[in-house]
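The values are calculated or read from the model by the stated rules, or taken from the named source; none is laboratory data. The shown structure was predicted, so the numbers you read here are calculated from the model rather than taken from an experiment. Heads up, the Cβs are rebuilt from the backbone with ideal geometry, glycines too, and the neighbour counts pull from every protein chain shown. What goes into the accessible areas is simple: the full protein's heavy atoms, side chains included, and nothing from ligands, DNA or RNA. Shrake-Rupley method; radii C 1.70, N 1.55, O 1.52, S 1.80 Å.
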Amino acid sequence: MRSLSLIFFSLITITLLPGYTNFCSAEDKDPALVAPPVNTNPGKEYADDTRLFQGIPGLERSSNGRLWALWYAGGTGEGELNYVTLVTSGDDGNTWSGPKLVIDPPGPVRAYDPATWLDPSGRLWVFWAQSYRWWDGRSGVWAITTDEPDKENPKWSEPRRLCNGIMMNKPTVLANGDWLLPVAIWKQKAKDSIEHKFDLPEERGGNIFISKDKGKSFQLLGQTDVPHRTFDEHMVVERKDNSLWTLVRTSYGIGESISTDGGKTWSTGKESSIPHINARFFIRRLNSGNLLLVRHNPKNGKTRRDLTAYVSTDDGKTWQGGLLLDERPGVSYPDGVQSDDGTIYIIYDYSRTGDKKILMATFTEADALAGKPVSEKVRQRVLINQATGKKK
């Protein structure tokens, strides 16, 4: 279990740091704490032919079937020029809009690692991380929302800062209605050469934030610490025995930690039985109650290729099937959603600085279990966006 010092850290964070809920000020000298503009009319400077790099996507679906996809781009790779862009489709992904929204903080502040999520009330959230330059040791989770996710051009709320850290995976809604946000503070220290840097050793880990009031406020609940974690990118599953299972990205693949007290304390992190590489994976509960896992399955155990969908009918003890979604090297970072009719939508990136594609695959649970297409829902390599920018 976690040490008493970490439990104490959790308690004092909740009671002594009100900044964990919506703490930002335009008057703060740290530019990473300034709310960025929400650009709902992006100009030519954000067109496809300007982007030299893009990836790390997320996907969500509204009640009427409108799809929303987002990722980050800008610059020649990961760095202070990064911004988040959002696009939409009203025809089940057959065609996609250009950028409908851009989050591009001014100055040497990057917006990155975004996520999108439709909460139980039907409100669409767009989350992103905001850091001074590449990594300032702290970063911060920001969010905007709309109550009009079925519309092509919805109205958005003002940005607010939820907490320190980075959250690039969807929240988990517990059976009791509470929301859990998987928020990470990377183990990497900020570079000594940057002006605004922070050293937060007690906050480094796969942190779990909770909202008991449907997103009005968020508090630190607990923290996982899995050995050899890299960028965490953790995801939380509520199992049928009411325990919480967190899977974490590690240097060897996927680590795990378990909580039996609602997420307040967590077991000592260890290697899971799931084979993987050092990359993001995707796990969610399906409509059927079974679990979906999308992960890489390369023969050499190292390359980001062979993105494959599996299903567990026993709450993650074993995995069945294996529908190959994309076999090429350079595919990565799956995220997704399932519709009421059972269709599963998975987004991922391909060749972030080469072909620069954001792609989608669709299928059903039956297809994943069979390890081959058995339904008419299977679509592969559906193009959401391709950047065409070239270095001058």
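Looking at the structure I just gave you, is A26 modelled with pLDDT under 95 and among the small types (G, A, S)?
Numbers: modelled with pLDDT under 95: yes; among the small types (G, A, S): yes.
Spelling it out, A26 is indeed modelled with pLDDT under 95 and among the small types (G, A, S).
Every condition in (1) in contact (Cβ under 8 Å) with a residue 40 or more places away in the chain; (2) open to solvent by 20 Å² or more (accessible area, probe 1.4 Å); (3) part of a loop (DSSP other than H, G, I, E, B); (4) farther than 22 Å from G77 by Cβ is met by W134 except one, and the failing one is (4).
From the list G58, G98, G93, exactly one residue is touching a Leu at 6+ places or on another chain (Cβ under 7 Å) and farther than 25 Å from V183 by Cα. Which is it?
Working: G58 fails: farther than 25 Å from V183 by Cα; G98 fails: touching a Leu at 6+ places or on another chain (Cβ under 7 Å).
Only one candidate qualifies: G93.
Where in the stretch 287-340 are the strands (runs of 3 or more DSSP E), entirely inside, with at least 3 residues that are open to solvent by less than 30 Å² (accessible area, probe 1.4 Å) and hydroxyl-bearing (S, T, Y)? Walk me through it before giving the result.
Numbers: elements: 291-296, 307-312, 320-326, 331-338.
Passing ranges, in order: 307-312.
Close contacts from the stretch 360-376, counting a first residue that is assigned to a helix (DSSP H, G or I) and a second that is surrounded by fewer than 16 Cβ atoms within 10 Å (Cβ to Cβ) and of a type in the set (A, V, I, L, M, F, W, C), with Cβ to Cβ under 9 Å and a gap of 6+ residues or different chains, come to A366/V374; D367/V374. Give the residue, chosen from E233, E256, that is open to solvent by 10 Å² or more (accessible area, probe 1.4 Å), touching a Leu at 6+ places or on another chain (Cβ under 6 Å) and farther than 23 Å from L369 by Cα. None of the other options fit; the residue is E256. Checking each residue in the stretch 220-229 for being open to solvent by less than 20 Å² (accessible area, probe 1.4 Å), aliphatic (A, V, I, L, M) and touching a helix residue (DSSP H, G or I) at 6+ places or on another chain (Cβ under 9 Å) picks out only L220. Do you know which residues across the stretch 177-219 are farther than 16 Å from G140 by Cα, open to solvent by 10 Å² or more (accessible area, probe 1.4 Å) and among the aliphatic types (A, V, I, L, M)? Correct list: I194 only. For the stretch 33-46, the condition holds for no residue, the condition being that it is part of a loop (DSSP other than H, G, I, E, B), within 19 Å of G107 (Cβ to Cβ) and modelled with pLDDT under 95.
Can you pull out the residues in the stretch 277-286 that are open to solvent by less than 20 Å² (accessible area, probe 1.4 Å) and closer than 25 Å to A366 by Cα? Matches in the stretch 277-286: R280, F281, F282, I283, L286. A single member of D315, D225, D306 is in contact with a strand residue (DSSP E or B) (Cβ under 8 Å, 6 or more places away or on another chain), charged (D, E, K, R), under 21 Å from Y333 (Cβ atoms) and touching a residue at least 12 places away in the same chain (Cβ under 8 Å), and it is D306. Here L244 passes the criteria (1) open to solvent by less than 10 Å² (accessible area, probe 1.4 Å); (2) under 24 Å from S332 (Cα atoms) except the one numbered (2). Selection of the stretch 368-392 for residues being open to solvent by less than 70 Å² (accessible area, probe 1.4 Å) and under 13 Å from Y348 (Cβ atoms) yields V382, I384, N385. Within the stretch 62-94, the residues that satisfy the criterion of being touching a strand residue (DSSP E or B) at 6+ places or on another chain (Cβ under 9 Å), among the polar types (S, T, N, Q) and within 12 Å of E152 (Cβ to Cβ) are S62, T88, S89.
Criterion applied to T250, T268 was being surrounded by fewer than 17 Cβ atoms within 10 Å (Cβ to Cβ), hydroxyl-bearing (S, T, Y) and either more than 25 Å from T116 (Cβ to Cβ) or without any contact (Cβ under 8 Å) to a residue 40 or more places away in the chain (or both), and the one residue passing it is T268.
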